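The values are calculated or read from the model by the stated rules, or taken from the named source; none is laboratory data. From a predicted model like this one, the values you see are computed outputs, not experimental measurements. With ideal geometry, Cβ positions are generated from the backbone for all residues, glycine too; neighbour counts draw on all protein chains shown.
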Amino acid sequence: MNMEKYESVIRLRMGSHDAHYGGNLVDGAKMLALFGDVATELLIALDGDEGLFLRYDEVEFKAPVYAGDYIEARGRIISRGNTSRKMEFTAYKIIAARPDISPSAADLLEEPVLVTRAKGVCVTPEKFKRK
């Protein structure tokens, strides 16, 4: 599989259970959890195993996320060693909740808003690689 062309994408709505702070603000750790799921898919595609997340080298929180927002998380492998895989991730808000209008109002954004960007390293132990 050509990993340079393979990308994992997850889209989901942030629910009230994801809101951790006042004003229905979602904890930034939720975006990192999404990146973990993206990384898992990438490792399964490449190695046939979920592998392990070793570290984040860089994380930037660029914009707030609120309950009711829809997030699209993306990731791709940018380089790989024998067992390590360097990855980059982005999360964009694609729909914004509009509780100021009504409890169920939302806007499909013409331009997605970058909310989180990160780079990290995952590993798949040699004994677990199936591909």
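Touching a residue at least 24 places away in the same chain (Cβ under 8 Å) and touching a helix residue (DSSP H, G or I) at 6+ places or on another chain (Cβ under 7 Å): which single residue out of Y56, Y66 fits that description?
Details: Y56 fails: touching a helix residue (DSSP H, G or I) at 6+ places or on another chain (Cβ under 7 Å).
Unique residue meeting the criteria: Y66.
Please verify whether D69 is more than 20 Å from E7 (Cβ to Cβ) and either of a type in the set (F, W, Y) or buried (at least 18 other Cβ atoms within 10 Å of the Cβ) (or both), treating the condition exactly as stated.
Working: more than 20 Å from E7 (Cβ to Cβ): yes; either of a type in the set (F, W, Y) or buried (at least 18 other Cβ atoms within 10 Å of the Cβ) (or both): yes.
Yes.
Looking at region 33-43, is at least one residue surrounded by 15 or more Cβ atoms within 10 Å (Cβ to Cβ) and free of Cβ contacts under 8 Å to residues at least 12 places away in the same chain?
yes
Checking the structure you have, find out if any residue of region 45-53 is of a type in the set (G, A, S) and surrounded by fewer than 19 Cβ atoms within 10 Å (Cβ to Cβ).
The initial filter retains those residues of region 45-53 that are of a type in the set (G, A, S), namely 45, 48, 51.
Narrowing further to those that are surrounded by fewer than 19 Cβ atoms within 10 Å (Cβ to Cβ): 45, 48.
Yes, some residue in region 45-53 is of a type in the set (G, A, S) and surrounded by fewer than 19 Cβ atoms within 10 Å (Cβ to Cβ).
Taking the stated definitions as given, is E58 closer than 25 Å to L25 by Cα and among the acidic types (D, E)? So that I can check it myself, show each step before the final result.
Working: closer than 25 Å to L25 by Cα: yes; among the acidic types (D, E): yes.
Criteria met by E58.
Can you name every residue in region 99-131 that is surrounded by 14 or more Cβ atoms within 10 Å (Cβ to Cβ), under 18 Å from Y66 (Cβ atoms) and among the hydroxyl-bearing types (S, T, Y)?
Residue satisfying the conditions is T116 alone.
Matching residues to (1) of a type in the set (A, V, I, L, M, F, W, C); (2) touching a Lys or Arg at 6+ places or on another chain (Cβ under 6 Å); (3) assigned to a strand (DSSP E or B); (4) over 23 Å from V59 (Cβ atoms):
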site	(1), (2), (3), (4)
I77	yes, yes, yes, no
A91	yes, no, yes, no
S102	no, no, no, yes
K119	no, no, yes, no
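Test E58 against the criterion of being charged (D, E, K, R), loosely packed, with under 14 Cβ neighbours inside 10 Å, within 14 Å of the chain's Cα centre (by Cα) and not in a loop (DSSP other than H, G, I, E, B), and give yes or no.
Values: charged (D, E, K, R): yes; loosely packed, with under 14 Cβ neighbours inside 10 Å: yes; within 14 Å of the chain's Cα centre (by Cα): yes; not in a loop (DSSP other than H, G, I, E, B): yes.
Considered against the rule, which asks whether it is charged (D, E, K, R), loosely packed, with under 14 Cβ neighbours inside 10 Å, within 14 Å of the chain's Cα centre (by Cα) and not in a loop (DSSP other than H, G, I, E, B), E58 comes out as yes.
So for region 44-53 (the condition being on the phi < 0 side of the Ramachandran plot, touching a Cys at 6+ places or on another chain (Cβ under 6 Å) and at pLDDT 95 or above), does at least one residue qualify?
Here is the first cut: in region 44-53, the ones on the phi < 0 side of the Ramachandran plot are 44-47, 49-50, 52-53.
Then keep just the ones that are touching a Cys at 6+ places or on another chain (Cβ under 6 Å); that gives 53.
Next, from what is left, pick out any that are at pLDDT 95 or above: 53.
Yes: one or more hits.
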